[in-house]
Amino acid sequence: MSQATQDSVREDGIIASVSGPVVIARDLDARMNDVVYVGKEGLMGEVIEIEGDLTTIQVYEETSGVGPGEPVENTGEPLTVDLGPGMLDAIYDGVQRPLDVLESKMDSAFLDRGVDAPGIDLEKKWEFEPAVSEGDEVAPGDIVGTVPETVTIEHKVMVPPDFEGGEVVAIEAGEFSVTEAVVELDNGEEVTMHQEWPVRRARPSKDKKTPREPLVSGQRILDGLFPIAKGGTAAIPGPFGSGKTVTQHQLAKWADADIVVYVGCGERGNEMTEVIEDFPELDDPKTGNPLMARTCLIANTSNMPVAARESCIYTGITIAEYYRDMGYDVALMADSTSRWAEAMREISSRLEEMPGEEGYPAYLAARLSEFYERAGYFETINDQEGSVSVIGAVSPPGGDFSEPVTQNTLRIVKTFWALDADLAERRHFPAINWNESYSLYQSQLDPWFVENVKDDWPEERQWAVDVLDEENELQEIVQLVGKDALPEDQQLTLEVARYLREAYLQQNAFHPTDTFCSPEKTYGILTAIHTFNDEAFKALEAGVPVEEIQSIDAAPQLNRIGVQEDWEVFIEELKDEITEQLRAQY
Ligand code: ADP
């Protein structure tokens, strides 16, 4: 959160009443969404309603002990984030206060109230390398230089979108803090490495394009059956314990985005601690550098105040858009948007607004769609291409997908990964239900897979989908009459489907090799199962009984491909063995 706001206090008001995170002030000269400091301790809040001389404020900190008569100061500025080098490798709370700085300021892990800190270090010196020269014309959004932000990411210093732009009259390489001017323009404008941006407003772009590249996740069921595009939107709904968090972590670790913004939005405190402790230990598989060198964590646990939960999503997406403007592919994970919606519901009920479905405010759908709308594959204002992909976990109470947050999310997102309690119970992981999930990006991403992986990628996938569909239908009969009552060819289809489930769809996030599966390997596993299918049906036609086909010892090896490092050789040998063993039976 910006420090600058504190210096520009305009007007004072007085607290009239306090109700949890909601404070009503009297005689405050304010506009909607102004940031205010509430009470003697100066707790940060935001104006959310104005009626006559009463102003309603949502406060981002615990308000116990704050009472009527205490002062309220208005900064006259909206809630902004500090943008600049230093955001990667950082861990923030919902209003972009760096947790480590807060902790050292307060000397404890329990956050005190009224403590503020800038989102980026204002003193740290960065090595600035100019990208333009004196005499060059620069426009808003243009990149004027770079800074090595982390070992992985080069930070691009841009002319802020709200500048006029003009001719560069002074620029030089050297060490600068984010508040020092690195470029001067002929109209007097000075570019620093620090920008501020109001979180509730999307950063401008030139155009939104149709996404045509997948955000490769390294998870077979996602890349293979339900891919998300770079710049796409996805939702992962699922009951407690079905794997939302593991899936989000897998994506944060393995998705081929340049930058990851991970918003832990009010999940249980200890889960977020896991992320905070886990992530700094992990290496980026692509570069070998620490994963945090491309990651920004926003950690709002459920024991933090409800209003900070409401804002964390906006803080996260604004940071994502800022890196997008540099031309990067950014992936934002939000875990979980249900907690975010619940924060909205709590504040709405304190405001005594007319409740909509299940007590959620009537504007729930609008807020969700405003958020997901900020995803996309963009042409930036400096004519680069950059993307923001948004993946939101949804935790419907009792796993009931008919509740309002899941339903409203479903209307917006184009990829739906439905987690399933039954699969999780059977230890089928990732517990993504292949009958209920979908991706509307499939046809626009197929050309990429055809070109970059294999030309029959779409056909192989369709084959797998058909077998799984057939299994689904046959299961109903099996439940009535038992498997043995089926004709032999259908029994064999069930066997092939079982390998699809066990060798292809299942993937162990905790196995060092299986945790990530390249699209080539994903395709390879499918072709191995397909080979088994074709050879098995040939054997059946030649009169080999189905039990004998099922009993060859090579087939169960299909389930071991996932854990092979040297999978190409393994698959080739396995295909030969399967073929040999089946042909030997007739
Ligand atoms: P949720 O966030 O939906 O409550 P989690 O993501 O914490 O659920 O997952 C619950 C448990 O399921 C994990 O602790 C883990 O044991 C198991 N699990 C989930 N996904 C996988 C996976 N892909 N591979 C292995 N185990 C998994």
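Just so it is clear, none of the values below were taken in a lab; they were calculated from the coordinates. Since this is a predicted model, take the numbers as computed values, not measurements. Note: ideal-geometry Cβ built from the backbone for every residue, glycine included; neighbour counts use all protein chains shown.
Within region 157-285, all pairs of alpha-carbon atoms sorted by distance into 10 Å bins from zero give the percentages 9, 27, 26, 23, 12, 2.
Summarising the label geometry, the points placed 7 Å from Cα in the beta-carbon direction at GLU277 and LEU410 lie 3.7 nm from one another. Amide H contacts under 5 Å for ASP329: ASP258, ILE259, SER387, restricted to partners 5 or more places along the chain or on a different chain, H placed in the peptide plane at 1.01 Å from N. Taking a ≥ b ≥ c as the square roots of the eigenvalues of the alpha-carbon gyration tensor, region 346-452 is classed oblate because a/c is 1.5 or more while a/b is no larger than b/c.
Built from the Cα atoms of region 477-529, the convex hull projects on average onto 4.7 nm², one quarter of its surface area. Across region 479-557, Cα pairs under 8 Å and at least six residues apart give a relative contact order of 36 percent. Per Stokes-Einstein, at 37 °C and 0.692 mPa s, what whole-number D in µm² s⁻¹ belongs to the chain, with the Kirkwood radius over Cα pairs as the hydrodynamic radius? It comes out at roughly 126 µm²/s. Can you tell me the 0 to 90 degree angle between the C-alpha axis of helix 457-481 and the longest principal axis of the chain, rounded to 10? Compared with the principal axis, the helix lies near 70 degrees.
Rounded to the nearest whole Hz, the Karplus-based 3J(HN,Hα) values (6.51 cos²θ - 1.76 cosθ + 1.60, θ = phi - 60°) of region 386-403 follow the sequence x, 9, 10, 9, 10, 10, x, 7, 10, 10, x, x, x, x, 8, 5, 7, 6, with x at glycine and proline. Across q = 0.12, 0.15, 0.17 Å⁻¹, region 378-505 modelled as identical point scatterers on its alpha-carbon atoms has Debye log10 I(q)/I(0) values of -0.67, -0.96, -1.13, in the order of the q list. Can you tell me the FRET efficiency between SER518 and GLU425 if r is taken as the Cβ-Cβ distance and R0 is 30 Å, rounded to the nearest 0.05? Computed FRET efficiency for SER518 and GLU425 comes out at 0.50. Computed extension gain for GLU577 through SER402, at 0.36 nm per residue and net of the alpha carbon distance, reaches 58.2 nm. Extension gain, GLU137-ASN452: 0.36 nm per intervening residue step, less the Cα-Cα distance, totals 109.5 nm.
In percent, how large is the relative contact order of the chain, given Cα pairs closer than 8 Å and 6 or more residues apart? Reported as a whole number, the value is 13 percent. Partner lysines whose Cα lies under 23 Å from the Cα of LYS454, excluding those fewer than 8 positions away in the same chain, are identified as LYS230, LYS286, LYS521, LYS575.
Taking the Cα centre of region 366-483 as reference, the dipole from Cβ charges on Lys and Arg (+1) and Asp and Glu (-1) amounts to some 520 debye. Taking Cα atoms, how many degrees apart are the long axis of helix 364-373 and the longest axis of the chain, rounded to 10 and kept between 0 and 90? Once rounded, one gets 80 degrees.
The simple spin-label model puts a point 7 Å past each Cα toward its Cβ; for SER64 and ASP256 those points are separated by 5.1 nm. Extension gain, SER19 to GLU127: 0.36 nm times the residue separation minus the Cα-Cα distance gives 34.1 nm. Taking only the Cα atoms of region 383-436, the ratio Rg/Rh comes out at 1.09, with Rh defined as the Kirkwood radius.
For region 461-586, the percent of C-alpha pairs falling in each 5 Å distance bin, counted from 0 to the bin holding the largest distance, reads 2, 11, 22, 21, 19, 14, 8, 3, 0. Helical runs (DSSP H, four residues minimum) scored at -39500 (n - 2.57) apiece and divided by the length of the chain put the mean residue ellipticity at 222 nm at -10000 deg cm²/dmol.
Working note: Cα atoms of region 444-524, range along each principal axis, descending, whole Å: 44, 31, 19. Scaled against the 2.2 N^0.38 Å expected of a compact globular protein of N residues, the Cα radius of gyration of region 350-398 reads 1.67.
Reducing region 546-586 and region 368-425 to their Cα centroids gives an inter-centroid distance of 39 Å. Beyond 19 Å, the tail of the calculated P(r) for region 238-362 holds 52 percent of the Cα pairs.
Between the helical axis of 488-499 and the longest alpha-carbon principal axis of the chain there is an angle of about 40 degrees.
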